[in-house]
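Engineer: Have a look at this one before I ask anything.
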Amino acid sequence: MANLFRSVRGFNDVLPPDAAAWQQLYRIAAEVFAGYGYGEIKLPLLEQTALFKRSIGEVTDIVEKEMFSFVDREGDSLSLRPEGTASCVRAGLEHGLLHNQQQRLWYAGPMFRHERPQAGRYRQFHQFGVEAYGMAGPDIDAEVIALSARLLKRLGLGDVTLELNSLGGSDVRLRYREALLEFLLRHESSLDADSQRRVRTNPLRVLDAKSAQTQAILADAPSIAESFDDHARAHFDGLQQALGDLGLAFTINPRLVRGIDYYTSTVFEWTTSQLGAQGTVLAGGRYDGLVEQLGGSSTPAVGWACGIERLLLLMKAQGVAIDSGAAHLYFCSLGDAAQRAAGQLAEQLRDADPSLRVVLNAGGGKLAAQLKRADRSGAQFALVLGDAEVEARTVQVKSLRGEPGSGAAQQILPWPELASRLAGLVKH
Ligand code: ATP
Ligand code: MG
């Protein structure tokens, strides 16, 4: 056993009971996205490194130290995607989806960042994301936020807070940059090393610093709202009003900046106190400059992404009922005739209800051994067939979970009634 291969650090396997929860999550998310008219876009995992450098920003954690980059056989520098937005814009431009039109898109899949693995933080993790292009007003910001709120609610999640801020437009950012820089330079020697390095290259990044000491200093930093112009203020007010109309509560966090440089104007996060340091489950904002920056014409854009692993951790922490994917029925059979009849009956049951999960005992075994397998499968009922049952054209039904309302612990059902009677017993 000593030489078994192990998965690469930070890259995880997802095993059957958890994978069923993932499927449930994907089903619900796909339904919510469709409910707002968003269409799925499937994007490749690998892109040119330059795409991420140009979009996410050279002086960000992601580009400076988290990308999985390599030079391929043709000598091109490629990277596993650390996020989806850059690829989505690249694809939108490549396929002419963005020029002078509106698009509502969503994506899902793995992302890769070379971070220190811990609970809720992995090197391969998964995101759902939505992106909306060609709409400049706060109405669409409110829509993507309402969509995110509905997704969290449909997943059964509570105790999450919507934090909101605005970075203004590029003029506002420039003005704020000056004010913040002036403040940071006065406290430069007390900042953590990463922040000291960034003061001059990207002072707004310092607001996102993880160091508690730096955060304490930032408590007195100027607030971006002081730099707003009329347009920034009107957009932010419009968004707040639209969220109010929809009954969505939020907290304004004037220190909220995101870890990616392309954001302008609206930024937001859904946070929880139940996942320790990994408290952000979903985050996004407006990025009106990115399409142009990547070679397209100026196109307003807004979107968000959420961490699927963090959603699942939060669902577990909050005790949300999650589908285990377990079988409903386990068919035990004793003898050749019973085995063949069981195979046919199982097919009939699956015909009658395509969502029914029926496991057929294979490999023989005594009844006790088969019932043990039935129990281990997680099935709600064992169906037992022996020579006597085949003769009488009946099946014994044993309740394995003793669920209330599952009727008598054991009953005998005739074959023609099997599907309809089980429909009343099995819980989906
Ligand atoms: P954090 O501050 O937690 O590092 P981030 O600002 O880097 O998050 P984004 O790039 O905005 O995160 O990604 C959106 C979401 O993706 C996050 O809110 C989080 O739920 C999830 N996420 C980001 N990085 C990871 C990771 N390494 N492992 C698991 N989930 C992640
Ligand atoms: Mg991060």
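Engineer: Can you give the convex hull volume per residue for the Cα atoms of segment 1-143, as a whole number of Å³? Mind showing how you got there, number by number?
Structural biologist: Numbers: hull volume 23.5 nm³, N = 143.
Considering the Cα atoms of segment 1-143, their hull volume per residue is 164 Å³.
Engineer: Also, quick follow-up: How big is the gap, in Å, between the Cα center of segment 90-158 and the Cα center of segment 10-57?
Structural biologist: So the two Cα centres are separated by 9 Å.
Engineer: Let me ask something else about it. Fully extended, how many nm does the chain gain between Gln348 and Ile28 (0.36 nm per residue separation, minus their Cα-Cα distance)?
Structural biologist: 112.3 nm
Engineer: Taking all protein chains in place and a 1.4 Å probe, what share, in percent, of the accessible surface of segment 13-62 do carbon and sulfur account for?
Structural biologist: 55 percent
Engineer: In Å and whole numbers, how far do the C-alpha atoms of the chain stretch along each principal axis, longest first?
Structural biologist: 89, 57, 44
Engineer: Got a number for carbon plus sulfur as a percent of segment 329-424's accessible area, 1.4 Å probe?
Structural biologist: Within segment 329-424, the accessible surface is 52 percent carbon and sulfur.
Engineer: Over segment 1-76, what lengths in whole Å, largest first, do the semi-axes of the equivalent ellipsoid take, defined as the square roots of 5 times the eigenvalues of the alpha-carbon gyration tensor?
Structural biologist: 29, 26, 12
Engineer: In square nanometres, what is one fourth of the surface area of the convex hull spanned by the alpha carbons of segment 178-326?
Structural biologist: Average of the hull's projected areas for segment 178-326 equals 12.4 nm².
Engineer: From the phi angles alone, apply the Karplus equation (6.51, -1.76, 1.60; θ = phi - 60°) to segment 379-396 and give each ³J(HN,Hα) in whole Hz, x where the residue is Gly or Pro.
Structural biologist: Rounded to whole hertz, the list is 4, 7, 9, 9, 9, 10, 10, x, 4, 4, 5, 4, 4, 8, 6, 9, 9, 7.
Engineer: When the helix-only estimate is applied to the chain (DSSP H runs of n ≥ 4, each -39,500 (n - 2.57), divided by the residue count), what is the mean residue ellipticity at 222 nm, nearest 500 deg cm²/dmol?
Structural biologist: -11000 deg cm²/dmol
Engineer: Would you please give the residues with an amide H less than 5 Å from that of Gln127, counting only those at least 5 places away or on a separate chain, with H modeled from the backbone geometry?
Structural biologist: It is Gly109, Met111, Ile308, by chain and number.
Engineer: Same structure again: Ordered by residue, what ³J(HN,Hα) values in Hz, to whole numbers, does segment 123-131 give under the Karplus form 6.51 cos²θ - 1.76 cosθ + 1.60, where θ = phi - 60° and Gly and Pro are x?
Structural biologist: 8, 10, 10, 10, 10, 9, x, 10, 9
Engineer: A follow-up question, please. If you place +1 on the Cβ of every Lys and Arg and -1 on the Cβ of every Asp and Glu, how big does the dipole about the Cα centre of segment 185-264 come out, in debye to the nearest 20?
Structural biologist: 360 debye
Engineer: Now for a separate question. Take every DSSP beta bridge whose two residues both sit in segment 329-424, then give the antiparallel share in percent to the nearest 5.
Structural biologist: DSSP beta bridges in segment 329-424 are roughly 55 percent antiparallel.
Engineer: In this model, which of Lys42/Lys427; Lys316/Lys366; Lys65/Lys153; Lys398/Lys427 are farther than 26 Å apart at the alpha-carbon?
Structural biologist: Lys42/Lys427; Lys316/Lys366; Lys65/Lys153
Engineer: Just to check, using Stokes-Einstein with a Kirkwood Rh over alpha carbon pairs, what's the diffusion coefficient of segment 329-424 at 20 °C and 1.002 mPa s in µm²/s? Provide the component values of the computation, followed by the final result.
Structural biologist: Values: Rh = 13.2 Å.
Roughly 163 µm²/s, to the nearest whole number.
Engineer: Residues of the chain: accessible area per residue at 1.4 Å, in Å²?
Structural biologist: Working: 20570 Å² over 428 residues.
So the chain comes to 48 Å² accessible per residue, rounded to a whole number.
Engineer: Angle check, please: helix 16-35 long axis (alpha carbons) against the longest principal axis of the chain (alpha carbons), in degrees 0 to 90, nearest 10.
Structural biologist: 60 degrees
Engineer: Please report the carbon-and-sulfur percent of the accessible area for segment 117-222; probe 1.4 Å, protein heavy atoms only, DNA, RNA and ligands left out.
Structural biologist: Carbon and sulfur atoms account for 48 percent of the accessible area of segment 117-222.
The values are calculated or read from the model by the stated rules, or taken from the named source; none is laboratory data. Fair warning: this is a prediction, and the values are worked out from it, not measured in the lab. In this analysis, Cβ positions are derived from the backbone assuming ideal geometry, glycine residues included, and neighbour counts consider all displayed protein chains. With ligands, DNA and RNA removed, areas are computed over all heavy atoms of the protein, side chains included. Shrake-Rupley method; radii C 1.70, N 1.55, O 1.52, S 1.80 Å.
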